[in-house]
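Below is one structure, written out as structure tokens, with a few remarks after it.
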Amino acid sequence: MSTAVQRSEPATTVPPHADIVVIGAGFGGIYAHHRFRKLGMSVFGFEQGTDVGGTWYWNRYPGARCDVESVDYCYSFSDDLLDEWQWSERFSTQPEILEYATYVADKFDLRRDIKFETKVVSCRYDEAANLWTVTTDKGDSITCHYLVTTVGCLSVPKDPEFEGLENFKGQWVQTGAWPKEGVDWAGKNVLVIGTGSSAIQTIPEVAKTAGHLTVFQRTANYSVPAYNGPLPEHRREEVFADYPAYLDMLKHTRGGQTFELGTDLRAADFSPEEQRDRLEKAWRYGRWNLQSCFRDITINEDTNQMVREFFAEKLRGIVKDPATAEKLNPKGYPFGTKRLCLDSDYFETFNRPNVDLVDINEEPIVRITESGLQTSEKEYPADLIIFAIGFDAMTGPLVNLGIEGRGGASLTEAWQDGPECYLGIAAPGFPNLFMVNGPSSVSVLSNMILTLEHHVDWVADCIEYMRGNGFDRLEARKDATHEWAAHTEMVANRTLFPKANSWYMGANVEGKPRMFLAYIGGFDNYVARFNEVAAKGFEGFDLNRSKVEQTA
Ligand code: NAP
């Protein structure tokens, strides 16, 4: 989908020092290399995978595709790149997005400072030297002045801790770590555990050729049709005719994207006929229109209930068996407070004769056996089990890095009772560490690529400011960090989101403190806050001249 470029070869050796070390080579990581090089500083990075791509490298499961439109889910930093790359579909597939990441890495020669297949095992800050030392599972060690993590928000898949799994004689896989060599399910007995976004994309694809597919559902999910198809020419035109203006408009939205029915009006501002008309249109337009057609859907219980009833009506119209439709109808949490899924024929798949649904609340899973899965009622034979059980979101990827800040304080321990992360990017006690799209960032509630670019640009500006003003150490202040944590909590508590047991709340991982893990105040407000902080000389951070202090 692009012009040919020469391959960028990866680093084979690790230098003893770099000005900046970047952990991760997903979309945030590769852009960070590109942007930081422009500061005239040395940059080096590590990545666990064999190549770039992050989320889109690991999540190769069938049907994987982005739920943000392709024209929005792409880099904005290079006019050449925008001209050269043509997306083929409205919602890009995982292979096309991975191809794009590869193309970007080649075009800007971004692999040359990245060591792949290498896991960072510790990052220790030395206060006297004002340096971080990063070590890896391959025995590498590198010091750096600034440490930047771009490790993703949903990159640590939950382990399938099911009794007896070790005895299973068939194959089992995880959607979040799908084998690169592919998986063959044609004609086989397949079990899928989980019904989140990943499962909802996997299930219709697997069902097409599986001998039999049984889906094990713990919590039914809201899902709406994506209405994918070729990217319409008019949409391309709308975006690229005046891209700077379009981009500026996106940056003033709450989620880094727009919806046909997005509105600032509440449901009560419309008559019952108008409400119904908007709901019907929202269903026809697909995407997150059903969550955006009234401003107060995730704030007001009555509006939410109206949307839930409308959804149930649509569901009953699709799923032929009333008992199955009832099982698939979400209960116990408000609409939109778990991430709304976008699907291609998910509910329709349950009309197929080779697909069954098991509600594990009625029929709990007892164990995995040698030949399948045993519930309280019966054994389900399986050749292949697909675990689509989610991720240790937001904090998981960071607490796995062995980060130790001032005085050897561990990030894992500092966040034991829940993360406090100033602006979702920095934590007190961890100088010169920038966590791109960290906990309490807008990230997962917005268009990830736009938010990644924003964070990386802001970090680059911050480093430039420090250098220009003779500062070499920056640390988030405790009071500012508490204030941000209180603000993010207050904003979340104004919504219905805390009512759901979602990964946004850390509720999907046993023992994880329950708190809202992202900033729900909108990308527009988030960017405004960052601009304000920068304009006030990086308010909320302590900036020091460590070298001057040491020699004074
Ligand atoms: P998820 O939304 O956390 O869903 C995990 C599913 O597994 C849930 O149905 C969960 O049930 C179930 N589950 C977890 N542990 C279980 C257990 N021990 N036994 C039985 N069921 C269990 O994870 P995901 O589907 O991977 O999606 C995570 C996020 O990734 C999404 O919300 C989205 O932000 C992103 N994503 C995006 C796309 C896209 O762009 N299209 C695609 C995939 C993922 P409970 O609900 O009861 O916990």
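Would you confirm whether or not the stretch 127-139 contains a residue that is free of Cβ contacts under 8 Å to residues at least 40 places away in the same chain and basic (Lys, Arg)?
Checked against the condition, which is being free of Cβ contacts under 8 Å to residues at least 40 places away in the same chain and basic (Lys, Arg), the stretch 127-139 yields at least one hit.
Report yes if ASN361 is at pLDDT 95 or above, in a loop (DSSP other than H, G, I, E, B) and closer than 20 Å to VAL21 by Cβ, otherwise no.
no
Go over the candidates ASN300, ASN304 one by one and state the one that is surrounded by fewer than 19 Cβ atoms within 10 Å (Cβ to Cβ) and not basic (Lys, Arg). Working first, answer last.
Values: ASN304 fails: surrounded by fewer than 19 Cβ atoms within 10 Å (Cβ to Cβ).
Selected residue: ASN300, the only one of ASN300, ASN304 that is surrounded by fewer than 19 Cβ atoms within 10 Å (Cβ to Cβ) and not basic (Lys, Arg).
May I ask you to verify whether ALA245 is open to solvent by 20 Å² or more (accessible area, probe 1.4 Å) and either in a helix (DSSP H, G or I) or within 11 Å of the ligand (Cβ to nearest atom) (or both)?
On the way: open to solvent by 20 Å² or more (accessible area, probe 1.4 Å): yes; either in a helix (DSSP H, G or I) or within 11 Å of the ligand (Cβ to nearest atom) (or both): yes.
In short, yes.
If a residue counts only when it is touching a helix residue (DSSP H, G or I) at 6+ places or on another chain (Cβ under 8 Å), which strands (runs of 3 or more DSSP E) contained entirely in the stretch 104-206 have at least 1 such residues?
Strands (runs of 3 or more DSSP E) meeting the threshold: 120-126, 141-149, 171-174, 189-193.
Among the residues of the stretch 399-417, count how many are open to solvent by less than 10 Å² (accessible area, probe 1.4 Å) and touching a residue at least 24 places away in the same chain (Cβ under 8 Å).
Here the count works out to 2.
Tell me, which residue of the stretch 335-353 that is under 16 Å from the mean Cα position of the chain (by Cα) and among the basic types (Lys, Arg) is nearest to the ligand (Cβ to nearest atom)?
ARG339
Check ASN493 against each of (1) closer than 24 Å to THR150 by Cβ; (2) free of Cβ contacts under 8 Å to residues at least 24 places away in the same chain; (3) among the polar types (S, T, N, Q) and name the one condition it does not meet.
(1)
Could you grab me the full set of residues in the stretch 165-203 that are closer than 14 Å to LEU357 by Cβ and either away from the ligand (no atom under 13 Å from the Cβ) or in contact with a Lys or Arg (Cβ under 7 Å, 6 or more places away or on another chain) (or both)?
The one that is closer than 14 Å to LEU357 by Cβ and either away from the ligand (no atom under 13 Å from the Cβ) or in contact with a Lys or Arg (Cβ under 7 Å, 6 or more places away or on another chain) (or both): VAL190.
Within the stretch 488-496, identify whether any single residue is under 19 Å from the mean Cα position of the chain (by Cα) and not assigned by TED's automatic domain parsing to the domain that holds THR258, and answer yes or no.
yes
With the condition kept exactly as written, say whether any residue in the stretch 267-285 is open to solvent by 70 Å² or more (accessible area, probe 1.4 Å) and hydrophobic (A, V, I, L, M, F, W, C).
Yes, the conditions are met somewhere in the stretch 267-285.
Can you list residue pairs whose Cβ atoms sit under 7 Å apart, with the first residue in the stretch 300-318 being farther than 10 Å from PHE335 by Cα and the second being open to solvent by 40 Å² or more (accessible area, probe 1.4 Å) and part of a helix (DSSP H, G or I)? Count only pairs 6 or more apart in sequence or on different chains.
What qualifies is ILE318/GLU348.
Can you name every residue in the stretch 392-406 that is more than 16 Å from the ligand (Cβ to nearest atom), more than 24 Å from PHE538 (Cα to Cα) and of a type in the set (Gly, Ala, Ser)? Working first, answer last.
Start the filter on the stretch 392-406 by keeping residues that are more than 16 Å from the ligand (Cβ to nearest atom), which leaves 398-406.
Next, only the ones that are more than 24 Å from PHE538 (Cα to Cα) stay: 399-402.
Hit for the stretch 392-406 is GLY402, nothing else.
Mind checking which residues of the stretch 131-169 are within 12 Å of ILE368 (Cβ to Cβ) and open to solvent by 30 Å² or more (accessible area, probe 1.4 Å)?
Within the stretch 131-169, GLU161, PHE162, GLU163, GLU166, ASN167, LYS169 meet the criteria.
Please count how many residues of the stretch 459-489 are open to solvent by 10 Å² or more (accessible area, probe 1.4 Å) and not in a strand (DSSP E or B).
Selection size over the stretch 459-489: 19.
Identify the single condition in (1) away from the ligand (no atom under 16 Å from the Cβ); (2) within 23 Å of LEU154 (Cα to Cα); (3) aliphatic (A, V, I, L, M) that MET505 does not satisfy, given that it satisfies every other one.
Just one mismatch for MET505, condition (1).
How many residues does the stretch 8-41 contain that are over 18 Å from GLU117 (Cα atoms) and either without any contact (Cβ under 8 Å) to a residue 40 or more places away in the chain or open to solvent by 50 Å² or more (accessible area, probe 1.4 Å) (or both)?
At the first step, the residues of the stretch 8-41 found to be over 18 Å from GLU117 (Cα atoms) are 16-20, 31-32, 34-41.
From the residues that got through so far, the ones that are either without any contact (Cβ under 8 Å) to a residue 40 or more places away in the chain or open to solvent by 50 Å² or more (accessible area, probe 1.4 Å) (or both) too are 16-17, 37-38, 40.
Residues in the stretch 8-41 being over 18 Å from GLU117 (Cα atoms) and either without any contact (Cβ under 8 Å) to a residue 40 or more places away in the chain or open to solvent by 50 Å² or more (accessible area, probe 1.4 Å) (or both): 5 in total.
Kindly provide the set of residues from the stretch 57-91 that are of a type in the set (Ser, Thr, Tyr) and more than 30 Å from ALA388 (Cβ to Cβ), ordered by number. Outline the logic, then answer.
So the first thing to find is which residues in the stretch 57-91 are of a type in the set (Ser, Thr, Tyr), and the list is 57, 61, 70, 73, 75-76, 78, 88.
Result: SER76, SER78.
Inspect the stretch 272-288 for any residue being charged (D, E, K, R) and either within 16 Å of the ligand (Cβ to nearest atom) or at pLDDT below 95 (or both) and give the result as yes or no. Spell out the reasoning first.
Step one: of the stretch 272-288, the residues charged (D, E, K, R) are 273-274, 276-278, 280-281, 284, 287.
Adding the requirement that they be either within 16 Å of the ligand (Cβ to nearest atom) or at pLDDT below 95 (or both) leaves 287.
Yes, some residue in the stretch 272-288 is charged (D, E, K, R) and either within 16 Å of the ligand (Cβ to nearest atom) or at pLDDT below 95 (or both).
What are the residue pairs meeting all of these: first residue in the stretch 146-170, first residue over 22 Å from ASN59 (Cα atoms), second residue within 15 Å of the ligand (Cβ to nearest atom) and open to solvent by 30 Å² or more (accessible area, probe 1.4 Å), Cβ atoms under 6 Å, and 6 or more apart or on different chains?
Sorted first by the residue in the stretch 146-170, then by its partner, the pairs are GLU163/ARG367; GLY164/ARG367.
Going by the conditions given, is LEU517 out of contact with any strand residue (DSSP E or B) (no Cβ under 7 Å at 6 or more places or on another chain) and of a type in the set (A, V, I, L, M)?
Working: out of contact with any strand residue (DSSP E or B) (no Cβ under 7 Å at 6 or more places or on another chain): yes; of a type in the set (A, V, I, L, M): yes.
Yes, satisfied.
ILE389 - would you say it is open to solvent by 20 Å² or more (accessible area, probe 1.4 Å), within 14 Å of the ligand (Cβ to nearest atom) and closer than 25 Å to GLN171 by Cβ?
Considered against the rule, which asks whether it is open to solvent by 20 Å² or more (accessible area, probe 1.4 Å), within 14 Å of the ligand (Cβ to nearest atom) and closer than 25 Å to GLN171 by Cβ, ILE389 comes out as yes.
State the number of residues belonging to the stretch 501-545 that are part of a loop (DSSP other than H, G, I, E, B) and either open to solvent by 30 Å² or more (accessible area, probe 1.4 Å) or within 28 Å of GLY196 (Cβ to Cβ) (or both).
Residues flagged as part of a loop (DSSP other than H, G, I, E, B) and either open to solvent by 30 Å² or more (accessible area, probe 1.4 Å) or within 28 Å of GLY196 (Cβ to Cβ) (or both) within the stretch 501-545 amount to 22.
The values are calculated or read from the model by the stated rules, or taken from the named source; none is laboratory data. Just so it is clear, the structure is predicted and the values come from calculations on it, not from any experiment. Cβ sites come from the backbone with ideal geometry, for glycine too, and all protein chains shown count toward neighbours. All accessible areas refer to the heavy atoms of the entire protein, side chains included, with ligands and DNA or RNA removed. Shrake-Rupley method; radii C 1.70, N 1.55, O 1.52, S 1.80 Å.
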